[in-house]
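Scroll down for the structure; my scribbles are underneath it.
Bear in mind that the values in this text are calculations on the coordinates, not laboratory data. Computed from a predicted structure; not experimentally measured. Cβ atoms come from the backbone with ideal geometry, glycine included; neighbour counts cover every protein chain shown.
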Amino acid sequence: STLSMVIRKLGQENSTQSIPFRESSLTCILKPSLSGNARMAMICCATPSELYLAETRSTLQFASRAKHVKTSAQVNEVCDDRSVIKKLHQRATAAESDAKKYKEELKRVKDNSFRWVQLHEGFIKTNE
């Protein structure tokens, strides 16, 4: 099935092949969960009955391939107006603090600098 093929390709390390998500409706729907920012859990059902031995074997092989799929789940950030304003305020405060530090450093450097005075044959340093 297409889902099995997608799972197989997602589980391969360093796969350069394209993954055929568009070949079925199910894989199109599952694309963000299978290859993106999500935690994935698969439940595979099997039966001990010999009547369904081939299906159980196929299901267990699918589950084995699904174990090799790696996703990187991260918490998405909700950006409402208040949180954006709060972050911008924090950045502005940090920028003001940095600017103050740089101004103090510049003043210190200017106060300790020397003035170069030109003489007949060259330059000398003075504290004036």
Open item on the list: Multiplying the sequence separation of Thr71 and Glu105 by 0.36 nm and subtracting their Cα-Cα distance, what value in nm do you get?
Closed with: 7.6 nm
- [ ] Name the lysines eligible as straight-distance cross-link partners of Lys31: C-alpha to C-alpha under 17 Å, and not fewer than 8 places from it in the same chain.
- [x] Lys9, Lys67, Lys70
- [ ] Give me the distance in nm between label points sitting 7 Å out from Cα along the Cα-to-Cβ direction at Ser4 and Cys45, one decimal.
- [x] 1.8
